[in-house]
Amino acid sequence: MKDLAQLCIHTITTKPWSIEESSERFAEAGVQGITVWRDALEGRNIAQTGDRLRNHGLDIVSLCRGGFFPATSAEKRQAATDDNKRAIDEAAELGAPMVVLVCGAEPGQLLTTSRQQIQEGIEAILPHAEANQVQVTIEPLHPMYADTRSAVNTLGQANDMAEAIDSPWVGIAADVYHLWWDEALQSEIMRCGRNGNLSAFHVCDWRVPTEDFLLDRGLMGEGCIDVPQIRKWVEEAGFKRMIEVEIFSNRYWSMDQSEFLTQIIDAYQQHV
């Protein structure tokens, strides 16, 4: 059985729990890291919350999420820039080293236009990211989300964008749910490794049949993704950071979260 030294869990994974309960339960179970979703910080002192997480012995891996840069109006694009700067501020206050970007898309324009706006949006926030010592991390999403959630849909596109921006303050997050189908995945992971910008690795599984393409992710080992193979590739590419369990699932949110946490740990040890 694998130890839990690299295990990180997103607050959204155990959504019914508050961040206070999540941090306590994660620490008791031996989980070593936590990725915080911005909704979990609402109404809280962010710096004190960060201290609380660290006092429980948890490594704060990242803050989710920024992004959503594309829009047909300059005003909306500016509003996105402003919100991403706020996300960077929150990450710095929390003590998170990166903000994960769900880059966004605008169905009223070409994907190529949205991708250009994403790159321009990232470039606009980079000085703020560097000033706060917070990396912004591009997460490519499955093509089924290309309408409104992300015009960056392959690891190759993320690599192209990161190389074009060419900044140490831009990283890439590889999520198996979004990338497992791509025949170029291994070579693009190695490309990330050569560039030194593979900053995050997210795991879950693709249930068969999937009943909801947003809210029916599976535990590792109960679907069709070869998570151990992809882990092997990211480690061959030099990745040594936390492995983050990110599961959106109405079926799991409806069950006892203590039991779910036990299942997460078992699945991590057996299938990651």
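Inspect all residues belonging to the range 82-101 and state whether any of them is touching a Ser or Thr at 6+ places or on another chain (Cβ under 8 Å), assigned to a loop (DSSP other than H, G, I, E, B) and touching a residue at least 24 places away in the same chain (Cβ under 8 Å).
Checked the range 82-101: at least one residue is touching a Ser or Thr at 6+ places or on another chain (Cβ under 8 Å), assigned to a loop (DSSP other than H, G, I, E, B) and touching a residue at least 24 places away in the same chain (Cβ under 8 Å).
Condition check ((1) farther than 19 Å from LEU141 by Cα; (2) more than 18 Å from the chain's Cα centre (by Cα)) across all residues:
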position	(1), (2)
LEU185	no, no
ARG207	no, yes
VAL245	no, no
TYR252	yes, yes
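Within the range 60-81, is even one residue within 18 Å of the chain's Cα centre (by Cα) and farther than 26 Å from PRO143 by Cβ?
Yes.
Quick test of your reading of the structure: ARG65 fulfils all but one of (1) over 29 Å from GLY33 (Cβ atoms); (2) in contact (Cβ under 8 Å) with a residue 24 or more places away in the chain; (3) charged (D, E, K, R). Name the failing condition by number.
Against the list (1) over 29 Å from GLY33 (Cβ atoms); (2) in contact (Cβ under 8 Å) with a residue 24 or more places away in the chain; (3) charged (D, E, K, R), ARG65 comes up short only on (1).
Of SER199, SER254, SER258, which residue is farther than 23 Å from PRO97 by Cα, among the small types (Gly, Ala, Ser) and in contact with a Lys or Arg (Cβ under 8 Å, 6 or more places away or on another chain)?
Selected residue: SER258, the only one of SER199, SER254, SER258 that is farther than 23 Å from PRO97 by Cα, among the small types (Gly, Ala, Ser) and in contact with a Lys or Arg (Cβ under 8 Å, 6 or more places away or on another chain).
Residue check: is GLY121 more than 15 Å from the chain's Cα centre (by Cα), at pLDDT below 95 and either more than 20 Å from ALA174 (Cα to Cα) or among the aliphatic types (A, V, I, L, M) (or both)?
Judged against the criteria, GLY121 is not a match.
Has the range 118-140 got any residue that is free of Cβ contacts under 8 Å to residues at least 40 places away in the same chain and touching a strand residue (DSSP E or B) at 6+ places or on another chain (Cβ under 6 Å)?
Yes, the range 118-140 has at least one match.
Out of all the residues in the range 163-182, is one or more farther than 23 Å from SER114 by Cα, at pLDDT 95 or above and under 16 Å from the mean Cα position of the chain (by Cα)?
yes
Answer with yes or no whether ARG86 is in contact with an Asp or Glu (Cβ under 9 Å, 6 or more places away or on another chain), on the phi < 0 side of the Ramachandran plot and modelled with pLDDT of 95 or more.
Against the criterion (in contact with an Asp or Glu (Cβ under 9 Å, 6 or more places away or on another chain), on the phi < 0 side of the Ramachandran plot and modelled with pLDDT of 95 or more), ARG86 does not qualify.
Do you know which residues across the range 9-23 are under 22 Å from ARG251 (Cβ atoms), crowded, with 17+ Cβ neighbours inside 10 Å and not hydroxyl-bearing (Ser, Thr, Tyr)?
Answer for the range 9-23, where residues must be under 22 Å from ARG251 (Cβ atoms), crowded, with 17+ Cβ neighbours inside 10 Å and not hydroxyl-bearing (Ser, Thr, Tyr): ILE9, HIS10, ILE12, LYS15, TRP17.
So the check is Cβ under 8 Å with 6+ separation or different chains; which pairs have a first residue in the range 24-43 that's surrounded by fewer than 18 Cβ atoms within 10 Å (Cβ to Cβ) and a second one that's among the hydrophobic types (A, V, I, L, M, F, W, C) and part of a helix (DSSP H, G or I)?
Final answer for the pair search is ARG25/LEU261; ALA29/LEU261; ALA29/ILE265; GLY30/ILE265.
If only one of PRO16, PRO107 is in contact with a helix residue (DSSP H, G or I) (Cβ under 8 Å, 6 or more places away or on another chain), part of a loop (DSSP other than H, G, I, E, B) and farther than 21 Å from ALA129 by Cα, which one is it?
PRO16 is the lone residue from the list that is in contact with a helix residue (DSSP H, G or I) (Cβ under 8 Å, 6 or more places away or on another chain), part of a loop (DSSP other than H, G, I, E, B) and farther than 21 Å from ALA129 by Cα.
Determine which member of the set GLY95, GLY50 is more than 22 Å from GLY193 (Cα to Cα), at pLDDT 95 or above and either within 18 Å of the chain's Cα centre (by Cα) or among the aliphatic types (A, V, I, L, M) (or both).
Result: GLY95 is the single residue among GLY95, GLY50 that is more than 22 Å from GLY193 (Cα to Cα), at pLDDT 95 or above and either within 18 Å of the chain's Cα centre (by Cα) or among the aliphatic types (A, V, I, L, M) (or both).
State the number of residues belonging to the range 77-91 that are surrounded by 15 or more Cβ atoms within 10 Å (Cβ to Cβ), more than 16 Å from VAL36 (Cβ to Cβ) and of a type in the set (D, E, K, R).
3
The values are calculated or read from the model by the stated rules, or taken from the named source; none is laboratory data. Note that the structure is predicted; figures quoted are calculated from it, not measured. Glycine gets a Cβ as well: all are built from the backbone with ideal geometry, and neighbour counts include every protein chain shown.
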